[in-house]
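Structure first, commentary second.
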Amino acid sequence: MGVIKLPEKSGSPEQILKTMKELSGQDADWRSAKTWSLVYFAGDELLNVAKSAYMMFFSENALNPLAFPSLKKFENEVVAMTANMLGGGPEAVGSMTSGGTESILLAVKTARDWARANKPDVKEPEMILPITAHPSFEKASHYFGVKSVHIPITSDLRADVKAAESAVNKNTILIVGSAACYPYGVIDPIPELAEIAMKNNILFHTDACLGGFMLPFLKKLGYQIRDFDLSVPGVTSISADVHKFGYAGKGASTIIYKNSELRKFQFYIYADWPGGVYASPTMTGTRPGGAIASAWAVMNYLGEEGYLRVAKQAMSVTERLVEEIGKIPGLKVMTKPDMSVFAFGSDIINVFELGELMEKKGWFLDRLQMPPGLHMIVTPNHEKIIQPFLADLSQITAELIKQGKKDATGMAAVYGIIGTLPDRKAAHQLVLGFLDDLFKAK
Ligand SMILES: *Cc1c(COP(=O)(O)O)cnc(C)c1O
């Protein structure tokens with residue numbers, strides 16, 4: 001550290017942007033659809049709407065909506081439209097946040113503060129999480145002192161309802177289910193889980209960060225989509241990311257509550273500051289106007305018609321990939337997904353080796369563990385590469401089968417070790433060292 005310093009002299013805009021453009025050449029190639037995560041792209045016209053709106057409100061700050069009535073309108077309408085899509089009644093209210101993680105942090109913080117007010121006997125609050133729930137719930141557990149109690153999944157990879165029922169105790173304040181879960185793209189049995197919450201007079205959060213902008217449209221298209229949203233009795237809050245299958249600019253998610261009585265436990269107010277009365281709806285202070293504007297623009301641009309179209313495209317590509325990958329000898333899709341996200345693994349080859357070799361060909365797939373798998377988030381943009389992707393996948397799989405069992409090397413070995421180390425503290429330390437090293441300028 002200390003080698004890279006602020007330049008003494010001002011730079012030239014052209015030179016700086018040129019350097020940055022060159023650096024971006026090494027990045028994951030999402031535009032040509034070789035990346036299966038992180039970027040949700042459904043065409044240039046849509047992207048231009050999202051970007052133009054973002055740039056138009058680049059400087060504006062939603063920290064104080066009184067100064068920017070436009071942003072207040074955008075945020076309230078994004079939340080209202082989303083609540084409407086997700087079965088919220090006339091009482092439903094919410095907030096826009098910087099992303100799924102913030103929405104979930106808030107859902108947990110709200111539950112904790114709700115319980116402090118309504119269940120004063122609970123001193124050590126707990127929440128019940130299926131093992132497939134997103135790690136942001138663990139983060140919330142860590143930040144807010146709400147103990148996470150894990151329940152297993154059943155053979156269909158959905159949360160085990162019976163386990164949830166027996167995990168409830170007098171300290172439980174919240175039960176969580178995903179629609180859909182990130183690892184396998186399947187929806188948990190939300191009505192059954194929410195019923196347990198209702199019976200015990202506690203809260204229930206549906207994490208629809210991934211599926212919130214996909215499942216309502218798939219349902220309208222005639223897909224069998226099990227109930228998951230605020231219309232389900234017992235569901236008290238739901239999160240949905242506009243920056244995933246909503247296709248807005250990054251930094252845009254929503255958290256919706258059944259009513260404003262609940263949302264009040266989310267807000268933060270400090271009325272005694274010499275700097276002024278401080279009232280903040282979410283976790284962040286300054287909130288980028290661009291992200292809010294972009295979400296509003298994209299939702300109005302696509303409308304129901306547009307979302308139905310892109311949902312159908314993504315799902316058709318998903319169905320073809322699931323079918324074809326299922327036919328490749330040595331590979332197996334973990335389960336038929338409920339939306340455009342799924343994973344596949346193998347009983348014969350090391351899929352982490354497969355992931356490395358695919359990466360050499362420019363394909364970037366996320367790795368799953370316990371059990372090992374490769375992960376696909378499918379967007380309409382992937383339609384154009386189905387054939388070359390499947391060709392590389394089956395060719396490399398066949399080669400790995402021919403090579404037979406051998407010890408993994410390189411990153412494939414690292415992924416394997418982290419997933420299988422019996423000492424989870426050691427796994428934690430290994431990743432901690434990696435992260436520490438990653439965030440150093442070199
Ligand atoms: C992406 C995701 C999150 C977290 O969202 P971020 O925007 O990455 O913070 C939470 N839950 C699920 C199911 C997700 O897919």
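For this structure, a couple of remarks:
Conditions tested, residue by residue: (1) touching a His at 6+ places or on another chain (Cβ under 6 Å); (2) within 22 Å of D407 (Cα to Cα); (3) surrounded by fewer than 22 Cβ atoms within 10 Å (Cβ to Cβ).
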| residue | (1), (2), (3) |
| --- | --- |
| P337 | no, no, no |
| A343 | yes, no, no |
| S346 | no, yes, yes |
| E356 | no, yes, yes |
| K360 | no, yes, yes |
| D366 | yes, yes, yes |
| L374 | no, yes, no |
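- As a summary of the residue check, P189 satisfies the conditions (1) open to solvent by 10 Å² or more (accessible area, probe 1.4 Å); (2) within 11 Å of the ligand (Cβ to nearest atom) except for the one numbered (2).
- In segment 78-92, residue least open to solvent (accessible area, probe 1.4 Å) [restricted to those that are farther than 16 Å from S237 by Cβ and part of a helix (DSSP H, G or I)]: V78
- Which listed residue, of A412, A391, A441, is open to solvent by 40 Å² or more (accessible area, probe 1.4 Å), touching a residue at least 40 places away in the same chain (Cβ under 8 Å), among the hydrophobic types (A, V, I, L, M, F, W, C) and within 28 Å of K34 (Cβ to Cβ): A441
- 2 or more residues among the aliphatic types (A, V, I, L, M) and touching a helix residue (DSSP H, G or I) at 6+ places or on another chain (Cβ under 7 Å): qualifying strands (runs of 3 or more DSSP E) within segment 229-283: 253-257
- Counting residues in segment 34-44 that are in contact with a helix residue (DSSP H, G or I) (Cβ under 8 Å, 6 or more places away or on another chain) and at pLDDT 95 or above gives zero.
- Checked against (1) closer than 26 Å to F245 by Cα; (2) of a type in the set (A, V, I, L, M); (3) open to solvent by less than 50 Å² (accessible area, probe 1.4 Å), I196 meets all criteria but (1).
- Strands (runs of 3 or more DSSP E) within segment 123-207 that include 2 or more residues more than 21 Å from the chain's Cα centre (by Cα) and assigned by TED's automatic domain parsing to the domain that holds D227: 172-178
- Restricting segment 98-115 to residues that are near the ligand (Cβ under 10 Å from one of its atoms) and assigned to a helix (DSSP H, G or I), the residue that is surrounded by the most Cβ atoms within 10 Å (Cβ to Cβ) is S103.
- Subset of segment 305-334 [in a helix (DSSP H, G or I) and either hydrophobic (A, V, I, L, M, F, W, C) or crowded, with 20+ Cβ neighbours inside 10 Å (or both)]: Y307, L308, V310, A311, A314, M315, V317, T318, L321, V322, I325
- Candidate set: segment 211-227, residues that are open to solvent by 10 Å² or more (accessible area, probe 1.4 Å) and in a loop (DSSP other than H, G, I, E, B); chosen: the one farthest from the ligand (Cβ to nearest atom): G222
- Number of the exception - V122 against (1) closer than 23 Å to I225 by Cα; (2) away from the ligand (no atom under 15 Å from the Cβ): (1)
- So S95, is it in a strand (DSSP E or B), open to solvent by 10 Å² or more (accessible area, probe 1.4 Å), within 16 Å of the ligand (Cβ to nearest atom) and not β-branched (V, I, T): no
- Hey, E75 assigned to a helix (DSSP H, G or I), away from the ligand (no atom under 16 Å from the Cβ), touching a strand residue (DSSP E or B) at 6+ places or on another chain (Cβ under 8 Å) and over 16 Å from T236 (Cβ atoms) or not: yes
The values are calculated or read from the model by the stated rules, or taken from the named source; none is laboratory data. As the structure is a computational prediction, the values presented were derived from the model and not from experiment. Note that we place each Cβ from the backbone using ideal geometry, even for glycine, and neighbour counts take in every protein chain shown. Accessible surface areas use protein heavy atoms only, side chains included; no ligands, DNA or RNA. Shrake-Rupley method; radii C 1.70, N 1.55, O 1.52, S 1.80 Å.
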